[in-house]
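Taken together, the values in this text are just the output of simple stated rules run on the coordinates, not laboratory data. As the structure is a computational prediction, the values presented were derived from the model and not from experiment. Cβ placement follows ideal geometry from the backbone for every residue including glycine, while neighbour counts extend to all protein chains displayed.
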Amino acid sequence: MTRSPSLVPCVVLTLLVALLLLPGRSPAKDEWQPISPADLALRDNPAAPGAHGMILYRESVTNAADAYETEYERIKIFTEEGKSLGDVEIDYDSKASKIEDIRARTIRTDGSVVNFDGQIFDKEVVKASGLKVLAKTFSLPEVEPGCIIEYKYRVQHNTDYYWSIEWPVQSNLFTREARFAIKPDTKPGAPALYWRKYMIPSTAKPEMQKDGTLAMEIQNLPGIEEEDLMPPESAIRARVSFFYRDQDDPQNETPEQFWKRIGKKMSDSEEHFIDKKGALQGVVSQTIGAGDSPEVKLQKLYARVQQIPNTGYEVQKTAKEEKREKQKENNNVEDVLKHDSANGHQLNELMVGLARAAGFDSAMIFVAPRSHNSFYYELEDSRQLSADLVWVRLNNTDVFLDPASKYYPYGELPWYETGVNGLKPTKRGADTISVPLSKPADAIRERHADVHLDPDGTLSGTVSVNFLGEWGCMEREYFWQDDDIARKKELTDDVKSWLPGGTFEITEMSGWSDSSQPLHIAGTVRIPGFATQAGHRALVPVTFFRATEPPSFTHETRVNPIYFHYPYTERDSLEIHFPDGLKVETVPAAAKAAPGAGFLYDVSATQDGTGVKMERHLVIGGILFSVDTYPALRRFFNTVKTGDDAQIVLQPTQTSQSR
Amino acid sequence: MAVALCFVGFARPGKAGDTAPDWLRAAARETVPVFPNNPVAVILLDECSTTVRDNGEIETVYRRAYKILRPEGRERYGHLEVHFDSDTRLLELKAWALPADGKEYEVKEKDSVEHGLVGEDLYNDEQVKVLDIPAATPGNVIGYEYSKRHRPYLLEDDWYFQDLIPILRARFTLQLPPGWEITTRWANYVESKEQPVGSNSFLWEVENIPAVEVEPEMPPWPAVAGHMDVKYSPRDPALRSKTSGSWNDIALWYAGLTVSSREASPEIKQKVAELTAGEPTTLDKIKALTSFMQRQIRYVAIEIGIGGYQPHPASEVFRYRYGDCKDKATLLGSMLHEIGVESYYVVAQTDRGILRPDFPSLRGFNHMILAIRLPDDVPSAGLYAILKHPQYGRLLIFDPTDPYTPLGYIPPYEQDNYGLLVTPTGGELLALPLLPASTNRLLRTGELTLNSDGDLTGDVVEIRWGAPAVIRRAQILETPPADRAKIFEDFLGYHLNNFRLTSASIGNLELYDQTLELHYKFVVQNYAKVAGNLLLVRPRVLGSEGGMVDADKPRKYPIQFLDATVQSDDYKIALPAGFVADDLPDPVDVKTDYGSYKSKIDVADGSLHYRRTFEIKQVYIATPEVPDLRKFYSQISSDERANAVLRKSAP
């Protein structure tokens, strides 16, 4: 169950730490760095040709003591379409900061300069109670291919609190050279400043300078390129973030020391909530039987926890509704049982308590959900661990459960909580722990069509679809706020997207309320013109269901790793019957591909009386693949598409031919 | 009785307590019938009350009551969005919920979130307040009320009374000052006559209004949703200039607004001289200026107050080298004047079906283009967007905002549409031409070779004219050069599996007035499917025209196409040695009033030769013609999927 970071004991202070000292202020400077003739003459980026523009240089300097930042950016425009880079928008929270000293200019290709003297607008981004985010917007003059634009400004923050500081090192444009610097607040009483870097090349890191600033220089950093099936941006974007540590906490800890201390804190907090043996024992004795096997006991306790209404699955309320319906606070698992209502985290805590009361070794564990980020042990930031699970030792194996995920039965986890790393807090500290990745057989979609072809080429019959395991859970969770009408409509559209036109009408739908059963839909299909004509022959696609793989493998080149959310299996089958007057001339040969890494495709068709039966399996065996495996993956999916594209050839029987 | 009650009850919203107003409670008591298509909610009452003051100020109170019928209703109607700008003051904003089994809720403006309008503009002053309404769950009734005051530039208004969900009752009341008059026009709905409810006060009421159903390729909302347009004629002659009595009135108003905008600065004059210095003819000079406008003046919109209508001065646009549509039209007009060519603003609309010639109004416009008055020495050849005007002669319509549509053409969405010609002495509504299909062409020619394993090598040349050239040119130019091969791969990937692009080149990419020429080569593994001793080959290797065949339910609204076009494919596929054609798809030849499709395949000299031509001549297909259109597309789709069967000849 994912949750807000505030549930983890917070060890960093990024906001609302009072600063006692008044700020100084750097005067605005209107000096620009010299422009080299080579940069003026540049017509493309030699390091990464073919972009609309590139960042020649940028500099970001932060003065933490005086709460201001200065930003400077010099951009080369290469194409007509790159001219839009001359439209600048700087967002800021007007209640906490202001933008000052904006200067900008355009350097024409002949080296002459046009200073920006136009209007700067304050565009409202969002305004609500206690919040007003504005954007300074302006447009540089005479921007054309070959020119250089540059602008700088200063962000002055209010001095009565610290603000989140991050060097957003990587942008969507190639950066030739960049310098980042921060001058920490070193006045007495100021908290210590720490940093962590993400995806920064190993050759670069913030280094303390003689003048007390931390600075980092970086060169030739490619821009982020968006592609299908790429990992989440947080996993690939280079950045450095800074944080303050509470003055009461030890300074300069090693990662081991840090996580040990955090683990203890987390463990204490959990134990305080869970440790209500009396109340738990009563539930356990009502829920499980003495003769139940250990696994059955766990299953029953899991089901019991999921009976408690989960506030995370209530329709989101407005502030006014929440105020009026103020929920009773749960301070421990006894309260959860008494109030018969809890958030996801509390439900998982209850599961740990019940498991322990039933004699299991069990604990809360905290992981970094793959939907957001990965867990970096060396980064001393507990906010990474924003999802929690229940760990239980069962028959000498580790079992991971998440009863807080309402639509996931015992044994199933949401994909973003599988294949992840995290921590198991203990009284002594914290153990690192890995939650295994699910298997392809844990998420299955079965599709079956039983259809007949009419003499006019129209196909009619029935289609059924079963979503099993994790796939069924995902569908249930996706539709949890919808009624049957909406579910039916969207699933009808899904099925129609697999068909080459025609109509589909759902006649059966079941399994929404029982997660242990397949989610099942079935309906009738009618597709005019399904068979295509080829002189006196007719052709019919063998796979019936169109390939649903995204067109992610169309391009020959790839920049980012390939990322599937979870392993899965597709099982398709078709029984097709042909009318009198047509007989099967050929069926496609069986096709198979098993390139390793758990990937598998096989399709086979056999003649069966006057019809054909087809079976198709597709197994996606893993989730993360480096760029160098892209050609092999592309070949695999090309094989899938080719196999799916095969045709059954029909020809008239002799009688009908003579007719 | 209901009328009188409604009008009396529609005073300015008073300072109510934390309970729902009576009008909402009354609406909640309405009996809700069973509707077709399972709407997510029903509007019990839609009420709009406008008070016009003698000084031209207009204040309107809006009320709505919904009953939420399904969970999706909360997402779609559980919040209120109110737009306003620097000319419009939001006076009051409140919403309520009447839960079926609980205490009423009230939320106010202080509970709302305000944000700027997200769009392409660098800056505009339009703001949106969003107010979440509590308890918007099935079975509950919710409602809101807000009021706005503004003083419009022209005394016009509209009342939209149809929505995506059914409406039980919609009312519009209007209070005019003594001596004022109105003109109304009903659109897309049977007119309901006004009922006098007091001194120069009127009420219109409509009941049981069905939902507008969203259909693909349907006309824009104002062309399908029931509404009433209103124009106010003031008593004070000084205000009469703000009344859009005729198209000429509106043109005069706009001419007055832009009277000094086009004055050329010395810098503009110098630039014009520089750009046209080497150009031998007037047409070449015009092209030099229009090209400068398209490429050198980038689109940046800054709209504040009257700036939504009034362009920036030409000198300012030239100085900064950016502006919005009216700014670009202004500067181009100024530059053309310097070479002795006159031009006029044409206020336009980028969607068809919104402007109605019979009801002059400024509200239907959203764009600005230019009518260039062609001097006699400019030949008409190649300039397709010419209108012959009795007073001004040949007017060449040109859109300086569209960066890729060259002089002589206009973008498809402006064709078969209307534009208001604005001249210093008045103006008129022009019917903008639909360019003939022959001006928007695509010819794809392929030389391909098949081997006995079914692998195909292809060498294809595409030549594009008009809109097909503009669309692809825009896509290519807006893609960084390093990624342009992906455009070819995406296109091939739509039609082929298991292919590899081996080369691609683009001809005339930056010569906008020339055809766009694409040349690409590729190889496809297993293109032809092996079936025993047969090879199955789809002769239509690339290109797709067979959409629009969804036959799920009867169509309610007409279909709009982008443009008239002719698109052809011509593929020669050399067959592998030892294979002969055993079965070929039949030719197709379909002709309709709106288009035609013809395909043919034959075998000669060891090659399959597939040719087809698809033509659309009209952009508007009336609803009764839609079933026939579906059949038309179904035949195209079948032809596109058809295969030739090759058989291995005896050794």
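Over the stretch A:533-603, the fraction of Cα-Cα pairs per 5 Å bin, rounded to whole percents and listed from the shortest bin up, is 3, 8, 16, 20, 17, 12, 10, 7, 5, 2, 0. Per residue of peptide B:481-490, the mean number of Cβ atoms on other chains within 10 Å of the residue Cβ is 4. Note on chain A: the alpha carbon radius of gyration divided by the globular reference 2.2 N^0.38 Å gives 1.19.
Mean silhouette area of the stretch A:443-533, derived from the convex hull of its C-alpha atoms and averaged over all directions, reads 5.8 nm². Here the convex hull built on the C-alpha positions of the stretch A:384-465 has a volume of 151 cubic angstrom per residue. Compute the signed sum of charges (Lys and Arg +1, Asp and Glu -1) over the other residues within less than 10 Å, Cβ to Cβ, of A:T254. Counting the neighbours of A:T254, the net charge comes to -3.
In terms of Cα atoms, the Rg and Dmax of the protein assembly as shown work out to 34.7, 104 Å. Each principal axis of the Cα cloud of the stretch A:510-659 was evaluated for its coordinate range; sorted largest first, these ranges are 60, 44, 24 Å.
Computed from the alpha carbon positions, the gyration tensor of the stretch A:491-584 leads to an equivalent ellipsoid with semi-axes of 30, 24, 12 Å, biggest first.
For the pair the stretch B:89-120 and the stretch B:356-402, the centres of their Cα atoms are 45 angstrom apart. At an R0 of 45 angstrom, the distance between the Cβ atoms of B:E104 and B:E510 translates into a FRET efficiency of 0.10. Averaging 1/r over each pair of different alpha-carbon atoms in the stretch B:289-383 and inverting the result gives 14.6 Å, the Kirkwood hydrodynamic radius. Across chain B, counting alpha-carbon atoms alone, Rg and Dmax equal 29.7, 99 Å.
Between A:D110 and A:E325, the distance separating the two model label sites (each 7 Å from Cα on the Cα→Cβ line) works out to 7.0 nm. Rg over Rh for the stretch B:388-484 works out to 1.19, using Cα positions for both radii and the Kirkwood form for Rh. For the peptide B:532-544, the mean number of other protein chain Cβ atoms found within 10 angstrom of a residue's Cβ is 2. The trypsin sites (Lys or Arg not before Pro) found in the stretch B:498-565 include none that occupy coil by DSSP while having at most 13 further C-beta atoms within 10 Å.
Considering the zone a paramagnetic label at B:R53 would reach in this model (a point 7 Å from Cα along the Cα-to-Cβ line), which residues of the stretch B:178-205 have amide N under 16 Å from it? Counting only backbone N, you get B:178. Restricted to Cα atoms, the stretch A:325-457 shows a radius of gyration and a Dmax of 19.6, 76 angstrom. Can you give the FRET efficiency for B:T19 and B:R76, using 1/(1 + (r/R0)^6), R0 = 35 Å, r = Cβ-Cβ distance, to the nearest 0.05? Calculated value: 0.85.
Each of B:A211, B:S246, B:G307 was placed along the dipole of the stretch B:188-312 (beta-carbon charges, centred on the mean Cα), and the one lying farthest toward the positive end is B:G307.
Multiplying the residue separation of B:D459 and B:K193 by 0.36 nm and removing their Cα-Cα distance gives an extension gain of 89.2 nm. Using the Cα coordinates of the stretch A:172-262, the gyration tensor eigenvalues translate into equivalent-ellipsoid semi-axes of 29, 19, 10 Å, sorted from longest to shortest. Taking Cα centre as origin and charging only the Cβ of basic (Lys, Arg, +1) and acidic (Asp, Glu, -1) residues, the dipole magnitude of chain B rounds to 300 debye.
Placing pseudo-labels 7 Å out from each Cα toward the beta carbon at B:L117 and B:V603 gives an inter-label distance of 6.3 nm. Our analysis of the stretch B:49-117 gives Rg over Rh at 1.03, with the two radii drawn from alpha carbon positions and Rh computed by the Kirkwood formula. Note on the stretch B:433-507 and the stretch A:130-194: Cα centroid distance 43 Å, given to the nearest whole angstrom. Taking amide H as placed 1.01 Å from N in the peptide plane, the amide H of A:D608 sits under 5 Å from that of A:K613, each at least 5 places away or on another chain.
Our compactness index for the stretch A:80-146, the C-alpha radius of gyration over the empirical 2.2 N^0.38 Å, is 1.35. As a length-normalised measure over Cα pairs under 8 Å and 6 or more apart, the relative contact order of chain A settles at 10 percent.
For the segment B:316-325, counting C-beta atoms of other chains within 10 Å of every residue's C-beta and taking the mean gives 4.
Within the stretch B:481-610, all pairs of alpha-carbon atoms sorted by distance into 10 Å bins from zero give the percentages 9, 29, 33, 22, 7, 0. Simple spin-label estimate for B:Q270 and B:T445 gives 4.9 nm between the two label positions (7 Å along the Cα-to-Cβ direction from each Cα).
What the phi angles of the stretch B:382-397 give under the Karplus curve with 6.51, -1.76 and 1.60, with θ = phi - 60°, is a coupling list of x, 9, 7, 8, 9, 10, 8, 10, x, 9, 9, x, 7, 10, 8, 7 Hz, glycine and proline written as x.
With a Förster radius of 22 Å, plug the Cβ-Cβ distance of A:A303 and A:K277 into 1/(1 + (r/R0)^6) and report the FRET value to the nearest 0.05. Taking R0 as 22 Å, the efficiency between A:A303 and A:K277 is 0.55. Computed about its Cα centre, the charge dipole of chain A is approximately 780 debye, with only Lys, Arg, Asp and Glu carrying charge at their Cβ. Residues in the stretch A:357-400 near a label at A:S293, defined as backbone nitrogen under 13 Å from the 7 Å Cα→Cβ point? What the label zone holds, given the 13 Å backbone N cut-off, is A:395. Sparsely packed loop sites in the stretch A:186-226 (the trypsin sites (Lys or Arg not before Pro) outside DSSP H, G, I, E and B with at most 12 other Cβ atoms within 10 Å) comprise A:K210. The trypsin sites (Lys or Arg not before Pro) of the stretch A:298-341 that DSSP puts in a loop, and whose beta carbon has at most 13 other beta carbons within 10 Å, are A:K326, A:K328.
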